[in-house]
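**Q** Handing you this structure, nothing more for now.
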Amino acid sequence: MAFERKTVRLTGEAPGTSTEFTWYAIGPADAPEKVHLQAALHADEHPGTMVLHHLLPMLRQADDQGLLRARFTVMPAVNPLSLRNFSSAPHIGRSDPRPGVNHNRRWPDLFPLIRSQLAGRLNDDVRFNVNLIRKSVAQWIDAQQPRNASEQLRLLVLRECHDAEFVLDLHCDDDSLPYIYTSPELMPELQDLSDWVGAAATLTAADSGGGSFDEVLPQLYRKVALANPGKPVPLATATATLEYRGRADVTDAYGADDARRLSVAEGADGPPAMPEGLPFEATEIVRADRPGLVAYRVDLGEQVNAGQPVADIISMEGPEAYMARTPILAGTDGFVLSRLSQKYVSRGAGIAKIVGTRILPGRKGAYLLED
Ligand SMILES: [Zn+2]
């Protein structure tokens, strides 16, 4: 049994920029499984931090009672480098302002980095293969010399989660129902998780194109399996991104209820069944075709049909400035999963997600993320 607070100093590139990173390691060190939970990789998305704040005492109590069957790493704010980025008043946490890199994009494609370590060594024992892959990842991580605090942080997070059976990355949308992103191979196994989370949608993609954190380990196992036909290589880490509603939905009530649901996310007496997984390629990201002020015509959860106006854009320039309204139409049948909280948009901004069931031609094989 253990409930251990861990800290690492992330070394900044300039005086006064070093940061202390704090997380928790919980549960028996010899437990057969490992669960990694993290929140606020996008540092300005705080619902997940609130969930983990409420989950930590539950885990401590379960640990005290000897009830934990897994080791847990819990990182309630996995991106401490961005906690200081207050610009004027708003907190900027989605991207690293200096290189401009979204914190949940461009995570490494591990397969080419460890491919030579695996060559000719996989055999018919699935356990052996998974251990070999994990060992190779750990060796690659240990051999890296991070060039800056961001790399130091990413390597540390990968080191902690690479050998976990479950990796849950807690985010939020802007103004949204709760939903989940995961890999298609992990459904329907993760349907329990969708039910317990109360996910209005579970959107699946093998590769959304952005190098998201939750795709690092599934992509690795997928590629190792493809390169080694006939050898048993399972998708040994189940990963998912949990979108805990909208940015403003940070309350004790949500946090405590969501933590309770996560803490019991298995067992017979489950919650009501939530929708099955759907390909993310069937979700439309409705975009503004001009700048202006968005006036929504639909609510979250509302069913819409293709061609139906989702919102009007109120023009803010030209002869019809502040007078003209241009409808933005749904491109598919489905329900409204998310909207914007700030209503002034630039051309091309995503203003809503509509969860449909038919794969959209423009989305097939394309970059799927809203960014
Ligand atoms: Zn996010």
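The values are calculated or read from the model by the stated rules, or taken from the named source; none is laboratory data. What you are looking at is a predicted structure, and each value in this text was computed from that prediction instead of being measured. Cβ sites come from the backbone with ideal geometry, for glycine too, and all protein chains shown count toward neighbours. For accessibility, only protein heavy atoms count, side chains too; no ligands or nucleic acids. Shrake-Rupley method; radii C 1.70, N 1.55, O 1.52, S 1.80 Å.
**Q** Can you name the helices (runs of 4 or more DSSP H) wholly within the stretch 141-241 that have at least 3 residues being touching a helix residue (DSSP H, G or I) at 6+ places or on another chain (Cβ under 8 Å)?
**A** Helices (runs of 4 or more DSSP H) meeting the threshold: 149-161, 216-227.
**Q** While we're looking at this one, here's another question. Looking only at the stretch 101-120, filter to residues that are more than 16 Å from the ligand (Cβ to nearest atom) and either among the β-branched types (Val, Ile, Thr) or in a loop (DSSP other than H, G, I, E, B) (or both); which one of those is surrounded by the fewest Cβ atoms within 10 Å (Cβ to Cβ)? Full working, then the answer.
**A** Residues of the stretch 101-120 more than 16 Å from the ligand (Cβ to nearest atom): 108-120.
Imposing the further condition that a residue be either among the β-branched types (Val, Ile, Thr) or in a loop (DSSP other than H, G, I, E, B) (or both) reduces the set to 108-109, 114, 119-120.
On the way: 108: 17, 109: 14, 114: 21, 119: 10, 120: 7.
Restricting to residues being more than 16 Å from the ligand (Cβ to nearest atom) and either among the β-branched types (Val, Ile, Thr) or in a loop (DSSP other than H, G, I, E, B) (or both), the top hit is 120.
**Q** So which of 273, 259, 238, 253 is in contact (Cβ under 8 Å) with a residue 40 or more places away in the chain, among the small types (Gly, Ala, Ser) and more than 13 Å from residue 190 (Cα to Cα)? Talk me through it step by step, then tell me what you get.
**A** Working: 273 fails: more than 13 Å from residue 190 (Cα to Cα); 238 fails: more than 13 Å from residue 190 (Cα to Cα); 253 fails: in contact (Cβ under 8 Å) with a residue 40 or more places away in the chain.
So the residue among 273, 259, 238, 253 that is in contact (Cβ under 8 Å) with a residue 40 or more places away in the chain, among the small types (Gly, Ala, Ser) and more than 13 Å from residue 190 (Cα to Cα) is 259.
**Q** May I ask you to list the residues in the stretch 32-64 that are in a helix (DSSP H, G or I) and either of a type in the set (A, V, I, L, M, F, W, C) or within 15 Å of the ligand (Cβ to nearest atom) (or both)? Before the answer, list the steps.
**A** First, pick out the residues of the stretch 32-64 that are in a helix (DSSP H, G or I): 47-64.
Scanning the stretch 32-64 gives 47, 48, 49, 50, 51, 52, 55, 56, 58, 59, 62.
**Q** Go through the residues of the stretch 12-30 one by one and say whether even a single one is surrounded by fewer than 19 Cβ atoms within 10 Å (Cβ to Cβ), within 15 Å of the ligand (Cβ to nearest atom), aliphatic (A, V, I, L, M) and within 30 Å of residue 222 (Cα to Cα).
**A** No, the stretch 12-30 contains no residue that is surrounded by fewer than 19 Cβ atoms within 10 Å (Cβ to Cβ), within 15 Å of the ligand (Cβ to nearest atom), aliphatic (A, V, I, L, M) and within 30 Å of residue 222 (Cα to Cα).
**Q** Any residue that is at pLDDT 95 or above, over 23 Å from the mean Cα position of the chain (by Cα), surrounded by 15 or more Cβ atoms within 10 Å (Cβ to Cβ) and outside any loop (DSSP other than H, G, I, E, B) - is there at least one of those in the stretch 313-324?
**A** yes
**Q** Looking at 195, 252, which one is acidic (Asp, Glu) and either within 15 Å of the ligand (Cβ to nearest atom) or open to solvent by 40 Å² or more (accessible area, probe 1.4 Å) (or both)?
**A** It is 252.
**Q** So, one more: Just to be sure I understand, how many residues within the stretch 204-260 are of a type in the set (Ser, Thr, Tyr), more than 20 Å from residue 44 (Cα to Cα) and touching a strand residue (DSSP E or B) at 6+ places or on another chain (Cβ under 7 Å)?
**A** 3
**Q** Further question on the same structure: Check 74, 78 and return the single one that is surrounded by 13 or more Cβ atoms within 10 Å (Cβ to Cβ), closer than 23 Å to residue 197 by Cα and either among the aromatic types (Phe, Trp, Tyr) or within 16 Å of the ligand (Cβ to nearest atom) (or both). Spell out how you get there, then give the answer.
**A** On the way: 74 fails: either among the aromatic types (Phe, Trp, Tyr) or within 16 Å of the ligand (Cβ to nearest atom) (or both).
So the residue among 74, 78 that is surrounded by 13 or more Cβ atoms within 10 Å (Cβ to Cβ), closer than 23 Å to residue 197 by Cα and either among the aromatic types (Phe, Trp, Tyr) or within 16 Å of the ligand (Cβ to nearest atom) (or both) is 78.
**Q** Can you tell me which of 297, 260, 245, 287 is on the phi > 0 side of the Ramachandran plot and basic (Lys, Arg)?
**A** Every option except 245 fails the conditions.
**Q** Now a separate question. Please go through the stretch 121-133 and give me each residue that is part of a helix (DSSP H, G or I) and either within 15 Å of residue 73 (Cβ to Cβ) or in contact with a helix residue (DSSP H, G or I) (Cβ under 9 Å, 6 or more places away or on another chain) (or both), ordered by number.
**A** 129, 130, 132, 133, listed by residue number.
**Q** Residue 89: in a loop (DSSP other than H, G, I, E, B), modelled with pLDDT of 95 or more and open to solvent by 10 Å² or more (accessible area, probe 1.4 Å), yes or no?
**A** Taking the combined requirement at face value, the residue does not satisfy it.
**Q** Let me ask something additional. Would you be able to say whether some residue in the stretch 164-181 is surrounded by fewer than 23 Cβ atoms within 10 Å (Cβ to Cβ), closer than 24 Å to residue 74 by Cβ, at pLDDT below 95 and not small (Gly, Ala, Ser)?
**A** No, the stretch 164-181 contains no residue that is surrounded by fewer than 23 Cβ atoms within 10 Å (Cβ to Cβ), closer than 24 Å to residue 74 by Cβ, at pLDDT below 95 and not small (Gly, Ala, Ser).
**Q** Conditions first: (1) in contact with a Leu (Cβ under 9 Å, 6 or more places away or on another chain); (2) within 22 Å of residue 52 (Cβ to Cβ). Residue 261 passes all but one, so which condition is the exception?
**A** Just one mismatch for residue 261, condition (1).
**Q** Moving to a separate point now. Pick from 159, 261, 245: which is among the basic types (Lys, Arg) and within 16 Å of the ligand (Cβ to nearest atom)?
**A** Result: 245 is the single residue among 159, 261, 245 that is among the basic types (Lys, Arg) and within 16 Å of the ligand (Cβ to nearest atom).
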